[in-house]
Amino acid sequence: MFAFTFMRHAFVASTFIALTCGVIGVFVVARQLSFLAHMLSEIGFAGAAFGAFLGISPLIGMLLFTLASSLLISSLSVERVQRESTISAVSSLFIGSGILFLALANQSSSYATDILFGSIVGISQSGVWQLVVLSLVVLLTIWLIFRPLQFDSFDSVGAKANGVHSRVIGIIFLILLAMSVSVGAQIVGSMLVFILLTLPASIAKALGHSMKQLLLISVAAALFGVWLGLWLGYLTNWPVTFFIALIEVICYMLALLVQKRRNG
Amino acid sequence: MTDPILKVTDLAMSFGEKTVFKNLNFTIDAGEKLALIGHNGAGKSTLVKLLIGLTHPTAGTITRIPLPGHERLRIGYVPQFRNLDADAPLSVASFVALNVGLSWRPWLSHQEKERVTQVLEQTQLTQIKDRPITLTSGGERQRAYLAQALLADPDLLILDEATASMDVDAKVQMMALVDTIVTQQKMALVFVSHDLELTARYTDRYLLISNQQLLTGSSKEVNADSLKGVRL
Ligand SMILES: Nc1ncnc2c1ncn2[C@@H]1O[C@H](COP(=O)(O)OP(=O)(O)OP(=O)(O)O)[C@@H](O)[C@H]1O
Ligand SMILES: [Mg+2]
């Protein structure tokens, strides 16, 4: 299958997305930010559509929207945003405005499905490079703040008691999350990014008991889903996103079963 | 040892209109064992948070004096309340290791691993170090919190109601453990509690917050009589 250039691009792109989402996802799940990852992907969709409307690159539009809302959310405090029951209504508004922007920009509806569900086959060389560079920036930043980030994510009270600057760490993490969502969504669609941010890390949470195990299991589950999904998509010509979602959900179910048997 | 490590002068704290306490003056000496007592809402936890610098006072100053040869006063603090997820994944050992300190390295160095092992041994957690923290008993969990605080190698250890949810035997066991560690490593101790038997047994001096003021005396003398007229 690697005889085709687009498959090679798809392979490299999805590998980097799986790596980034696998790592970031561990912290997303520990900090209970799944709802935010979901919201950011919807906001990202609106941003991309806004980009199309203005005639700028959809990636810039996405980054603009997701970063701005991350900063807004951290100034309100994540806890408050999560408690707010109107939040899902607000994020639906973003989907709505995204559709409006697309209509005004005279873009075809396939453009919308591309942003939402990805278009693995349409990844350009420069798109792959963009993704690789931004993934590396995200991973490197995680590396640099790893210790305070893990403390704050797994025991926020203890972290504060021991002098971790929780607020700063929280803001940096939201920015990284916004970047990962935008970059990933740009290439594989916001749906798939959301799946990869939450399910592999949840699988890891069910099975692992140390940081090392959590990170390894999460990245492994993300890579397994992406690679197998890509191959199945190639064989059947069905949407890759469907296969990846299916694989991750099955793995998650299995992980829950294992966890249940272990804990008796 | 009578070097002061903490000096509090004219300390006052209010939340909006509500004054918790004012004009507190006291010092804590190196190696001293103190009880911090007072009724619910007297301001014990508030005072502790001020001492470690987690919040800032309305008025007054707190001076933390490093021990000779140290850069700063190291404080180990076990907060009164935690908010761990019911299904948090980390094992006891990984949970304790969260406080291993800063480094560019995400993974633990050989030395850091040794220190974690040592602290787990010290707090009698070696046997259950691989168990998820959420599957441990209340007493074991308090020991894990203690171990996490000890990993900072503190000169002053502050326990905010670390024994509150324990049965009588577990309380005494926990405090005997704390006492051994604190004495061995010459730490100062601030033990926040409502249990006057425990404070009499394991601390030398009490600080009592009552009616926004601070009273102090020998821990042995705290009993119902000496506290007459004082709400505890
Ligand atoms: N962040 C805050 N904002 C407003 N009021 C506060 C805040 N923190 C504490 N208080 C108030 O300050 C007072 C002292 O609270 P604190 O938690 O220090 O009491 P405590 O002595 O530790 O009580 P307990 O024995 O129940 O733990 C209480 O009346 C509390 O309601
Ligand atoms: Mg308290």
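Heavy atoms only, probe 1.4 angstrom, no DNA, RNA or ligands counted: give me B:103, A:182, B:137 ranked by accessible area, highest first.
On the way: B:103 35, A:182 0, B:137 60 Å².
Sorted descending by solvent-accessible area, the residues read B:137, B:103, A:182.
Binned at 10 Å from 0, what are the whole-percent values of the Cα-Cα distance distribution for the range A:1-50, short to long?
The calculated distribution, bin by bin, is 23, 32, 33, 12, 0.
Cross-link partners among aspartates and glutamates for residue B:7, C-alpha distance below 16 Å, same-chain residues fewer than 8 apart left out?
B:29, B:32, B:155
Note the direction-averaged projected area, equal to a quarter of the hull surface, for the Cα convex hull of the range B:121-229, in nm².
7.9
Counting heavy atoms of the protein chains only and a 1.4 Å probe, report the per residue accessible area for chain B as a whole number of Å².
Result: 48 Å² per residue.
Could you give the angle, 0 to 90 degrees to the nearest 10, between helix B:110-122's Cα long axis and the longest principal axis of the Cα atoms of chain B?
60
Could you look at chain B and say what percent of its accessible area is carbon and sulfur, using a 1.4 Å probe and all protein chains?
49
Any idea how far apart residue B:121 and residue B:216 come out in nm if each label point goes 7 Å out from Cα toward Cβ?
The two pseudo-label positions are separated by 3.7 nm.
Please go through the residue pairs A:160/B:22; B:22/B:186; B:129/B:220 and name each one whose alpha carbons sit more than 29 Å apart in this structure. Write down the numbers at each step before the final one.
Details: A:160/B:22 25 Å; B:22/B:186 31 Å; B:129/B:220 37 Å.
Table pairs above 29 Å Cα-Cα are B:22/B:186; B:129/B:220.
Helix-only estimate, please: 222 nm mean residue ellipticity of chain B, summing -39500 (n - 2.57) across DSSP H runs of length 4 or more and dividing by its residues, to the nearest 500.
It lands at -8500 deg cm²/dmol.
Which residues of the range B:135-178 show a drop of at least 20 Å² in accessible area when all protein chains are present, compared with their chain alone (probe radius 1.4 Å, heavy atoms only, ligands and nucleic acids excluded)?
With the partner chains in place, the range B:135-178 has these residues losing at least 20 Å²: B:135, B:148.
Could you work out Rg/(2.2 N^0.38 Å) for the range A:5-190, with Rg from alpha carbons only?
Numbers: Rg = 16.8 Å, N = 186, 2.2 N^0.38 = 16.0 Å.
Against the compact-globule rule of thumb, the ratio is 1.05.
Could you work out [θ]222 nm for chain A from helices alone, using -39500 (n - 2.57) per DSSP H run of at least four and dividing by all its residues? Round to the nearest 500 deg cm²/dmol.
-28500 deg cm²/dmol
Over all directions, the average projected area of the alpha-carbon convex hull for the range A:178-236 comes to how many nm²?
Numbers: hull surface 17.9 nm².
The directionally averaged projection comes out at 4.5 nm².
Heavy-atom accessible surface, probe 1.4 Å, ligands and DNA/RNA ignored: which residues of the range B:74-89 lose at least 30 Å² versus the isolated chain?
B:77, B:82, B:83, B:85, B:87, B:89
Roughly how big is the A-B contact, given as buried accessible area in Å² (both sides, 1.4 Å probe, nearest 100)?
By this definition, chains A and B bury close to 2200 Å².
Send over a whole-number figure in Å² for the accessible area per residue of chain A, probe 1.4 Å.
With the other protein chains kept in place, chain A gives 45 Å² per residue.
For B:194, B:39, write out the residues from largest to smallest accessible area, computed with a 1.4 angstrom probe and no ligands counted.
Descending accessible area places them as B:194, B:39.
Over the range A:5-190, with every protein chain in place, what whole percent of the accessible area is carbon and sulfur at 1.4 Å, could you tell me?
Summing carbon and sulfur atoms, their accessible area is 69 percent of the total for the range A:5-190.
Per residue in the range A:203-234, which ones lose no less than 50 Å² of accessible surface when going from chain alone to all protein chains (1.4 Å probe)?
A:205, A:209
At 0.36 nm per residue, minus the direct Cα-Cα distance, what do residue A:106 and residue A:57 gain on full extension? Give it in nm, one decimal, please.
Extending this stretch completely gives an extra 16.1 nm.
Rounded to the nearest 10 degrees, what's the angle between the helix B:168-184 long axis and the longest principal axis of chain B, both from Cα atoms, 0 to 90?
Taking the Cα atoms of chain B, the angle to B:168-184 is about 90 degrees.
Across all directions of projection, what mean area in square nanometres is found for the Cα convex hull of the range A:134-236?
Convex hull of Cα atoms, orientation-averaged projection: 7.3 nm².
Obtain the nm distance between the two label points defined at residue A:5 and residue A:263 by a simple spin-label model: each point lies 7 Å from its Cα along the Cα-to-C-beta direction.
5.1
To the nearest Å, what is the center-to-center distance of the range B:130-161 and the range A:149-177, using C-alpha atoms only?
Cα centroid to Cα centroid, the span is 19 Å.
Give me the Kirkwood hydrodynamic radius of the protein assembly as shown, using the inverse of the mean 1/r over all pairs of distinct Cα atoms, in Å to one decimal. It would help to have the intermediate numbers written out before the result.
Details: mean 1/r = 0.0397 Å⁻¹.
This gives a value of 25.2 Å.
Report the normalised scattering of the range B:1-50 as log10 I(q)/I(0) at q = 0.25 Å⁻¹, calculated by the Debye formula with identical scatterers on the alpha carbons.
Scattering profile of the range B:1-50, log10 relative to I(0): -1.06.
Per residue and in cubic angstrom, what volume does the convex hull of the Cα atoms of chain B have? All intermediate terms of the calculation are to be shown ahead of the outcome.
Numbers: hull volume 33.3 nm³, N = 232.
About 144 Å³ per residue, rounded to a whole number.
The values are calculated or read from the model by the stated rules, or taken from the named source; none is laboratory data. Fair warning: this is a prediction, and the values are worked out from it, not measured in the lab. Here Cβ is always computed from backbone atoms with ideal geometry, including for glycine, and neighbour counts include all displayed protein chains. These accessible areas exclude ligands, DNA and RNA; they are computed on the full protein's heavy atoms, side chains included. Shrake-Rupley method; radii C 1.70, N 1.55, O 1.52, S 1.80 Å.
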